[in-house]
Amino acid sequence: MVSRPDGKPLGFNTQLVHSSTCSSRVGEVKPVVPPIYSSVTYVSEDPADLKSILLGEKEGYVYSRNGNPTVSELRKAIADIEAATDAVVFASGMAAIHASLIALGVSPGTKIVASKDLYGVTVSLLNEVIRPLGVEVIYTDLTDLENAERVITSQKPLVVFCETVSNPLLRIVDIRAIADIAHAVRSFLVVDNTFCTPLMARPLEMGADISLNSTTKYISGHGDVVGGCAAGAWDVCGRMQSVAIYSGGVMGPFEAWLTLRGMRTLGLRFAKQCENAQAISRLLKDHPAVSAVNYPGLESHPQHDLASDMFHGTYGAMLSFSLKDDTVEAAYRFMRALKICLPATSLGDVFTLVLHPATSSHLTMNEDSRRAAGITPGLVRISAGIEDTDDILTDIANALDAI
Ligand SMILES: *Cc1c(COP(=O)(O)O)cnc(C)c1O
């Protein structure tokens, strides 16, 4: 990694670009961009090397599931931007979440305290895969610190799991406070930081034990590659890497290369996405067809001050809003009238994506629990893209008028 001549820390954009250059010679040359090593297996110059590499006594590669030079470049780059000693990458964000829990020792008889506002598939993983192992999973409101302290202190779970900013209501968990509460009872804190990226928040610096991302979203950023990453201390990463190797959810070399390619522009993309999200939230706030807007960048957001403190003036590029006509039909009329914003799942892409949570991400919940969770029929989620602000605002204003 490069360094500044005056010894001061590098800016984030410099880090993004320079942490993802090729770190070693390739034959006679030293390329700037790491090549894609598609080879599954690697020749041992001496037969004894294979054993030493497998035992970790010698650096090198044996078999692509255990390690791959392109994938190693991405691991190094992620560790750099997370300010972590090490990072592991996976076939998907879900594989990263699964590996983080198993690596921390989640097993029969252990407990997890999880935020009640979690990505739908994370809830499915906890309920359908982790709970049947004999693990107790307790969902609670971690945005309410008094409640969080009471539950964590009495349950003393092995793991506390939360998202920095929740989907789709943009509720913020005070990571520093939760880390203190968790560590007081020797619990590990795992934070899914997908909505923020290391640009807006670095959970490890706030006390989390593992910070993870679905790299499918902002980090790769172009909607063309699925992946996940998790960063933390050396020993925890070693265990996560073992889980990945033994259960097989490793990232492939082409995916790692695409992710490296995407992440170099994360800073530029995210700045524009946040600017668009701010502008969209202001338009929505003043529109007669809208009853509420959830965006931490608005002063009316109940956690605006916490967001300002945690994110240093950046508020992210996700938002959601409720229509006054609180019906599925009205939400669909809005979505059908859009001409530029794409009605599609996922988030963090260069495209502005619009989603109707009640009939997609939260479809499997019954009507009552959906309402209790704040997922009303007229709620719409937007992931702001990098399009020209005026084009997006015109598209959204036009679609609101069509309701
Ligand atoms: C998308 C997402 C995941 C899952 O990631 P995949 O790459 O789709 O497996 C987990 N958490 C959050 C917050 C997400 O948005």
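Of the helices (runs of 4 or more DSSP H) entirely within the range 58-168, those holding at least 3 residues that are of a type in the set (G, A, S) and outside the structural domain of S360 (by TED's automatic domain parsing) occupy 69-81, 93-103.
Residues that are in contact with a Ser or Thr (Cβ under 6 Å, 6 or more places away or on another chain) and farther than 24 Å from A384 by Cα were ranked within the range 117-146; the one that is nearest to the ligand (Cβ to nearest atom) is L142.
Of note, A87 does not satisfy the criterion of being closer than 16 Å to A233 by Cβ and more than 16 Å from the ligand (Cβ to nearest atom).
One line per residue, one yes/no per condition, for (1) under 22 Å from the mean Cα position of the chain (by Cα); (2) closer than 15 Å to V190 by Cβ; (3) touching a residue at least 12 places away in the same chain (Cβ under 8 Å):
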| residue | (1), (2), (3) |
| --- | --- |
| V106 | yes, yes, yes |
| G109 | no, no, yes |
| K116 | yes, no, yes |
| L125 | yes, yes, yes |
| R131 | no, no, no |
| V135 | no, yes, yes |
| L145 | no, no, yes |
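Just so you know, in the range 192-226 the residues that are open to solvent by less than 10 Å² (accessible area, probe 1.4 Å), among the β-branched types (V, I, T) and under 16 Å from S383 (Cβ atoms) include one that is nearest to the ligand (Cβ to nearest atom), and it is T215.
Looking across A83, A103, one residue alone is modelled with pLDDT of 95 or more and either among the small types (G, A, S) or in contact with a Pro (Cβ under 8 Å, 6 or more places away or on another chain) (or both). It is A103.
The values are calculated or read from the model by the stated rules, or taken from the named source; none is laboratory data. In this text the structure is predicted, and so the values were computed from the model without any measurement. Positions of Cβ are backbone-derived with ideal geometry, glycine not excepted, and every protein chain shown enters the neighbour counts. Only protein heavy atoms, including side chains, enter the accessible area calculation; ligands, DNA and RNA are left aside. Shrake-Rupley method; radii C 1.70, N 1.55, O 1.52, S 1.80 Å.
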